[in-house]
Amino acid sequence: MGKKHGIFIALFVMALLMAGCGNEGRLDEGDCPVEIRLAGLPTGYAELTDDQKEQVVVNLQLENMINEKTYTFRLNDDNHFSQEASLNPGTYRVAYCYISGSSAVRMNGEASVETMDINRDTINIISVSVTNQEEFDQWVAQMRADAAILRAEQFSRIIQFEGQIINMEQILDYVEFTHDQQVRAYDKVVLDNGEKGVHVTVLNDTGEPADWWNCKVIAVRFTKDNVIFGKGARVKMPAEEILHAKDGLYGTPDSLAGCVLIGASYADFDAIYHETRSGDRMTFTVDSFGEHITEITYEFAVFE
């Protein structure tokens, strides 16, 4: 009975999938010329890395309001943010329009129309505009590496955070955290600001309970690319640009931890650098495909 029930569920799911696929129309099924194009890119787009540009995709879907078929367009750097189609005549609505990318690539998009009558007599054009160009350009300017940070050494303890050069030990002065309890004597807590992608471990090295802002910063972990380390290292960079023995910013790591079966889709792994003089340790977490840095952790005075 259980086996028959399982087969029924599988067939039901397959039927749903097939129904969903059947509702997706082909971009060449009619004779009415349609073009979806991006009206223009922010000035700052030119300063993005190739990896960041690959992440910028304009996603737009049209729906035929009579037969409810949908037509999906994806505009990117490869097709010069323009895509053509040949659809059947009818009234279509914009089911959705957005610009995808990493959490760092903050670009918002809006279609020029909500509905359109598509016919054979003209080229039917829908343009997409970036609605936050000024904000995006400001973000790019903040992310531009300052000459001082490019000159800085790996273990200098300074970073460029959202455009400012700061000492990581003073990170509590630049990022807001909420923690409603005091830190117990000789205990440590982790403060999280997910919006900024900053996670700070503080230690109360006294014999009395203390407020977290009076504790000592012993480690900082970054999960977004709004921070730049010495020589230009940052989250989301291709791993080889940092870890490569000859051409990487920091060269061969001192050790590796976690699963290092690159490309096997098992788990992230860590590449670790250690400075003997200060005891500082820097850990780069790399995705399971060995391609990108997903987070960077800096620990102070971890003598081994």
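The values are calculated or read from the model by the stated rules, or taken from the named source; none is laboratory data. Please read all numbers here as calculations on a predicted model, not as lab measurements. Quick reminder, even Gly has a Cβ in these numbers, built from the backbone with ideal geometry, and neighbours come from all protein chains shown. Side chains included, ligands, DNA and RNA excluded: accessible areas come from the protein's heavy atoms. Shrake-Rupley method; radii C 1.70, N 1.55, O 1.52, S 1.80 Å.
Answer yes if at least one residue in the range 206-213 is outside any loop (DSSP other than H, G, I, E, B) and free of Cβ contacts under 8 Å to residues at least 24 places away in the same chain, and no otherwise. No, the range 206-213 has no match at all. When the test is whether a residue is farther than 30 Å from Lys69 by Cα and either open to solvent by 40 Å² or more (accessible area, probe 1.4 Å) or out of contact with any Leu (no Cβ under 9 Å at 6 or more places or on another chain) (or both), Ile123 does not pass it. The single residue among Ala245, Ala185 that is open to solvent by 20 Å² or more (accessible area, probe 1.4 Å), more than 22 Å from Asp50 (Cβ to Cβ) and modelled with pLDDT under 95 turns out to be Ala245. Out of contact with any strand residue (DSSP E or B) (no Cβ under 6 Å at 6 or more places or on another chain), of a type outside the set (A, V, I, L, M) and modelled with pLDDT of 95 or more: does that describe Ser156? Criteria met by Ser156. Applying the criterion of being among the aromatic types (Phe, Trp, Tyr) and either within 16 Å of the chain's Cα centre (by Cα) or closer than 19 Å to Gln52 by Cβ (or both) to the residues of the range 274-300, the residue that is least open to solvent (accessible area, probe 1.4 Å) is Phe284. Please verify whether Val202 is without any contact (Cβ under 8 Å) to a residue 60 or more places away in the chain, under 18 Å from Arg221 (Cβ atoms), touching a Lys or Arg at 6+ places or on another chain (Cβ under 9 Å) and in a strand (DSSP E or B), treating the condition exactly as stated. The answer is yes for Val202.
Annotation note: of Ile99, Ile118, the sole residue that is aliphatic (A, V, I, L, M), over 26 Å from Tyr45 (Cβ atoms) and open to solvent by less than 40 Å² (accessible area, probe 1.4 Å) is Ile118. When only residues in the range 217-227 that are open to solvent by less than 10 Å² (accessible area, probe 1.4 Å) and at pLDDT 95 or above count, which is farthest from the chain's Cα centre (by Cα)? Restricting to residues being open to solvent by less than 10 Å² (accessible area, probe 1.4 Å) and at pLDDT 95 or above, the top hit is Val220.
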